[in-house]
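The block underneath contains the structure these notes are about, expressed in structure tokens.
The values are calculated or read from the model by the stated rules, or taken from the named source; none is laboratory data. As the structure is a prediction and not an experimental result, all values here were calculated from the model. All Cβ positions, even for glycine, are placed from backbone atoms using ideal geometry, and neighbour counts span all protein chains on display. These accessible areas exclude ligands, DNA and RNA; they are computed on the full protein's heavy atoms, side chains included. Shrake-Rupley method; radii C 1.70, N 1.55, O 1.52, S 1.80 Å.
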Amino acid sequence: MGTAHLQIDLGALAANWRALDAASGPDVETAAVVKADGYGLGIAPVATTLRDAGARTFFLAVAEEGAAARAALGPDAAIMVFSGHMPGDAPLLREHALIPMLNSIEQMTRHFEALPGHPFGVQLDSGMNRLGLEPVEWAAARDLVMAQRPVHVMSHLACADDPADAANARQRDAFRSLTEGLGVPLSLGATGGVLLGRDYHFDVTRPGIGLYGGLPFAEARAVVRLTAPVIQVRDVAPGEIVGYGGTWRAERPTRVATLSAGYADGIIRAMGNRARLWHGATPCPLVGRVSMDLLTADVSHLPEVPEALDILGPQGGIDDLAEAAGTIGYEILTALGARYHRTYL
């Protein structure tokens, strides 16, 4: 097989949701964020696995994603759309029973005029300055909006991956002030918010990256394993270069394996000369630049010529690879390409 093999452990995905559900507490609903095609792993298998594990509410980025989730989940799931009610969304929202999280006065006007009586939620800006009504807007619109009976009110933490950041408490307190006495389900915490503790849980938590094996949920089970086949192995003499631009030069006799994966498959180019691949528990340094379709790794120290190496696996997870690329685990997951042969465990 010429393409790399991506294994997706749905059992680990379900276990991660159950662990975060337990951390959220018995009186809190634990939803699931499945945007970006289930963080790159496939909306249908991801969403149905989480539904079977116990999730009943799902969050996605845009209405088009919500339609795909509805096809997978059936009629009973609550499907929330972070981007709210965008121009042209009304047919999708109505046909697929999606719940937009309205972010502005403009969106509220659009929704109430286009879909009167259709369920909606509200997103408030508690300090991140990204999405949601600002406090002054909410103060002016609150009575009118509450008369329309929203089903959910939420905000989002900017710094939840750092428990010591004082912004977390400021946003929590602002959210409490903005929502006092509403009498509807409230949500503030994603994965990081779950781990910050009970004060951040409110009525609904909505874990995302932690479900898929990423930080800040350090105890998460790994969900993905990516194994690339070796196409060719060659001996490189001292002084010879490997890859585009000659960014790596052999200092000693080196055996180099060329593997079938590259930046067209989501292996971020910036990790060239920095990442490690794995042969079992043995690291194999990535040497030279990442090409569109190819990687090159130093396998001089292996006792045999490998048939394949792990890019992601038990020894190196999404955050390890992200560190080598100067990015975050979210980008590693959502960049995973379409050429991989995928197996769901």
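Values for this structure:
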quantity	calculated
Mean separation of Cα contacts under 8 Å, 6 or more apart, over the residue count of segment 1-81: relative contact order %	28
Low-density loop positions, GluC sites (Glu not before Pro), segment 269-345 - DSSP coil, at most 14 other Cβ in 10 Å	Glu304, Glu307
Net charge, Arg234 excluded, C-beta distance under 12 Å - Lys, Arg +1, Asp, Glu -1	-2
Long-range Cα-Cα pairs in segment 255-345 (distance over 23 Å), rounded percent	16
5 angstrom amide H check on Leu133, placed H, neighbours 5+ away	Gln123, Leu124, Asp125
Distance between segment 52-69 and segment 176-200 - C-alpha centres, whole angstrom	20
Angle between the chain longest axis and helix 105-114 axis [Cα atoms, degrees, rounded to 10]	70
Overall form of segment 59-161 per C-alpha gyration tensor (a/c, 1.5; a/b vs b/c)	oblate
Alpha-carbon radius of gyration plus Dmax, which is the widest Cα pair, for segment 1-112 in Å	15.5, 54
Computed [θ] at 222 nm, deg cm²/dmol, the chain (DSSP H ≥ 4; -39,500 (n - 2.57); rounded to nearest 500)	-8500 deg cm²/dmol
Peptides ranked, highest mean first, by Cβ atoms within 10 Å: ranges 40-49, 333-342, 264-273	40-49, 264-273, 333-342
Per-residue ³J(HN,Hα) for segment 87-95, Karplus 6.51 cos²θ - 1.76 cosθ + 1.60, θ = phi - 60°, Hz, x for Gly and Pro	x, x, 7, 3, x, 5, 4, 6, 5
More than 26 angstrom apart: percent of Cα pairs within segment 168-280	49
Solvent exposure of the chain as accessible area per residue, Å², 1.4 Å probe	44
Carbon plus sulfur fraction of accessible area for segment 1-159, probe 1.4 Å, in percent	55
Between helix 135-147 and the chain: long-axis angle, C-alpha atoms, 0 to 90°, nearest 10	60
Relative contact order, percent, the chain [alpha-carbon distance under 8 Å, six or more residues apart]	18
Whole-Hz ³J(HN,Hα) from phi, Karplus 6.51 cos²θ - 1.76 cosθ + 1.60, for segment 167-175, glycine and proline x	4, 4, 5, 4, 5, 4, 5, 5, 5
Hull shadow area, averaged, the chain [alpha-carbon convex hull, nm²]	18.9
Local net charge near Val204, Cβ-Cβ under 13 Å (Lys/Arg +1, Asp/Glu -1)	-2
Note, ³J(HN,Hα) from phi for segment 61-76, Karplus 6.51, -1.76, 1.60, rounded to Hz, x at Gly and Pro	7, 9, 4, 4, 5, x, 4, 5, 5, 4, 4, 7, 8, x, x, 8
Distant-in-sequence amide H partners of Gly189 (H built 1.01 Å from N, under 5 Å)	Arg206
Distant-in-sequence amide H partners of Arg255 (H built 1.01 Å from N, under 5 Å)	Val236, Val299, Ser300
Cβ-defined net charge surrounding Pro285, 14 Å radius [Lys, Arg +1; Asp, Glu -1]	+2
Over segment 111-177, relative contact order from alpha-carbon pairs under 8 Å, at least 6 apart, %	36
DSSP-defined beta bridges in the chain - what % are antiparallel, rounded to 5	55
Global form of segment 169-209, assessed from the alpha-carbon gyration tensor, a/c cut-off 1.5	oblate
